[in-house]
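Single-structure report; data block below.
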Amino acid sequence: YGTYDVDLTVPSQFVVGATGYQRSATKNPKGTTTYNFYQQDVHDFVWTAYPDFIKITRTFDWGKEVRGDEVTKWGQILGLPAADMALRNVSVNLLLQPNHKNLADRYFRAIFNGLKYYGLWYGAYPYDTLTVVDPPRGSYTSGMEYPTFFVAGTYFWPGRDEFQPEGVTIHEFGHQFW
């Protein structure tokens, strides 16, 4: 495990996501931007850049997402006092394809459920940030995970009752623990 302090310089029209959290973005001459990402205690670093991503950021607020009776229930099942069941708030970045804007809420519900239930069952997610990528169609990159970052994905035209993007999202989130 190590600490990554990484500068990435890309064309300014690209939307960037990476392991850890973004500390800065500096506009450079000639149409580039340098982003700095930082993360401690991880075994790998990964990044992506794509001009068409729509970046949506929401916060998993564990005080709003987890009811007190759920904390009590799982604490009793695990034999832990409620004070030891505390989760953490997590800033979640979703890098979404433009033709999947209608799936943003489904992605976030799956991510927040992962943060909640894996947190209650196995312990709090250990980082303050998480980036989830909805890859371009035909990129063959869905279903990969890295510390604080994973690539989910869905079908070109997912059905209302299909479990995509939820299935791969929950699966890849689980790899944040194993």
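The values are calculated or read from the model by the stated rules, or taken from the named source; none is laboratory data. Because the structure is predicted, anything quoted here is derived from the model rather than measured. Positions of Cβ are backbone-derived with ideal geometry, glycine not excepted, and every protein chain shown enters the neighbour counts. Heavy atoms of the whole protein, side chains included, go into the accessibility calculation; ligands, DNA and RNA do not. Shrake-Rupley method; radii C 1.70, N 1.55, O 1.52, S 1.80 Å.
Numbers at a glance
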read-out: Portion, in percent, of the accessible area of the chain that falls on carbon or sulfur, probe 1.4 Å; value: 52
read-out: Reachable lysines from K73, criterion Cα separation under 17 angstrom, eight or more residues apart if same chain; value: K64, K116
read-out: Sequence-distant residues sharing a close amide H with H175 (under 5 Å, placed H); value: none
read-out: Rg in Å to one decimal, and Dmax rounded to a whole Å, for region 96-140 via C-alpha atoms; value: 12.9, 36
read-out: Residues with amide H under 5 Å from that of Y50, placed H, sequence gap 5 or more; value: V15
read-out: Heavy-atom surface of the chain, accessible at 1.4 Å and reported per residue (Å²); value: 54
read-out: Relative contact order computed over region 1-107 (Cα-Cα under 8 Å; 6+ residues apart), in percent; value: 26
read-out: In sequence order, calculated HN-Hα J values of region 74-88 (Karplus, 6.51, -1.76, 1.60; Hz; x Gly/Pro); value: 6, x, 5, 4, 8, x, 10, x, 3, 4, 7, 9, 4, 9, 9
read-out: Prolate/oblate/rounded call for region 1-64, Cα gyration tensor, a/c under 1.5 rounded; value: oblate
read-out: Two-decimal Rg/Rh across the chain, once Rg and the Kirkwood Rh are taken from alpha-carbon atoms; value: 1.00
read-out: Neighbour-limited loop hits for trypsin sites (Lys or Arg not before Pro), region 11-105 (at most 12 other Cβ within 10 Å; DSSP other than H, G, I, E, B); value: R67
read-out: H175 - accessible surface, heavy atoms, 1.4 Å probe, Å² rounded to 10; value: 70
